[in-house]
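To start, the structure under review is shown below, and the notes come after it.
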Amino acid sequence: MYHDVHELNFSKIKTYLECPLLYKYKYMDGRKEGLVPASSLGVSIHRALEEYHRNSNDPSELLAYYDDCWLGAGYKSAGEQMEYYLKGQKMLERYAEREYERKTSVDSTEREFIFQEGKWTLRGKIDRIDKHPDGSWEVIDYKTGDDIDFDAQITDSLQLGIYAVGAQRAWNLKKGKASFYFTAFDKVVSAPFESFDAKAIVDKFIEVGEKIEAELFEPDLTHCQQCAFRNRCAQSACPDPEPDGPDFSGNNPA
Ligand code: SF4
């Protein structure tokens, strides 16, 4: 598997911070995490919103895009699939209601940024970029999960931070904000670009990049309980005794 050690993105950094060994499994050995219901629903919703914003301005069509984009992988039964389908439907019904009142124009979706910092290439893909009537910009990341810590400071988010930095450095967007759109809660939380500490964010990426470059892949056992590899990892602190763990089929289109 090709692995460019000097190319960094948020998913890589997040994985390394969760467990360096997990990073090695995913990005150097090419092992697949597989889909579980929450991640499969996330793929369906992201796909539906991308297609909707690319092709339609009519919120009444959003659920039809959801049906077209629905991904049935990662569920253990038809009943579980239906349960998650209905969850997603509820999220998108509320999303469509907001669409009728939206004052911004959607400039682009799934847009990639890339910029250099010395020998490091930092890149990312942003779900949606809006332009406001006053000329300012908003970069938006959809969060479809329901395990959100709303007490966390949004300006501490490495993900939103690198998006704010990327929008400014790669696209030269001067004025704007970065937002998480929590679809399960119908809630948007934003912070202006300048409220993120750009230097600290880039430094953090590079600090992790240097550890990857040095091939420091010590396991972090505090993450095992949530890890998709807990049944297949020799270092796992908590192999799951249940036979029906996450779907490791490798059928992950994301
Ligand atoms: S099971 Fe534990 S040690 Fe193994 S990759 Fe996952 S988090 Fe790391």
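Summary table
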quantity	calculated
Every residue from region 32-51 that is farther than 12 Å from G145 by Cβ and at pLDDT below 95	K32, E33, G34, L35
Every residue from region 1-26 that is among the polar types (S, T, N, Q) and assigned to a loop (DSSP other than H, G, I, E, B)	N9
Number of the exception - L86 against (1) more than 24 Å from F10 (Cβ to Cβ); (2) in contact (Cβ under 8 Å) with a residue 24 or more places away in the chain; (3) surrounded by fewer than 17 Cβ atoms within 10 Å (Cβ to Cβ)	(2)
Residue that is surrounded by the most Cβ atoms within 10 Å (Cβ to Cβ) [pool: residues in region 220-234 that are within 6 Å of the ligand (Cβ to nearest atom) and closer than 19 Å to K32 by Cβ]	C227
Close pairs from region 2-26: first more than 12 Å from F217 (Cβ to Cβ), partner within 9 Å of the ligand (Cβ to nearest atom) and not in a helix (DSSP H, G or I), Cβ under 9 Å, at least 6 apart	L17/D220; E18/D220; E18/C227
Residue in region 8-18 that is of a type in the set (K, R), more than 21 Å from Y95 (Cβ to Cβ), surrounded by 19 or more Cβ atoms within 10 Å (Cβ to Cβ) and out of contact with any Gly (no Cβ under 9 Å at 6 or more places or on another chain) present	no
Among (1) within 11 Å of the ligand (Cβ to nearest atom); (2) in contact with a Pro (Cβ under 8 Å, 6 or more places away or on another chain) - the single one K26 does not satisfy	(2)
Single match in E50, E97, E61 (criterion: of a type in the set (D, E), away from the ligand (no atom under 16 Å from the Cβ), assigned to a helix (DSSP H, G or I) and in contact (Cβ under 8 Å) with a residue 60 or more places away in the chain)	E50
Which numbered condition S77 fails, given (1) exposed (fewer than 14 other Cβ atoms within 10 Å of the Cβ); (2) among the polar types (S, T, N, Q); (3) within 17 Å of the chain's Cα centre (by Cα)	(3)
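The values are calculated or read from the model by the stated rules, or taken from the named source; none is laboratory data. In this text, all values refer to a predicted model and were calculated from it rather than measured experimentally. We place every Cβ from the backbone using ideal geometry, glycine too, and count neighbours over all the protein chains shown.
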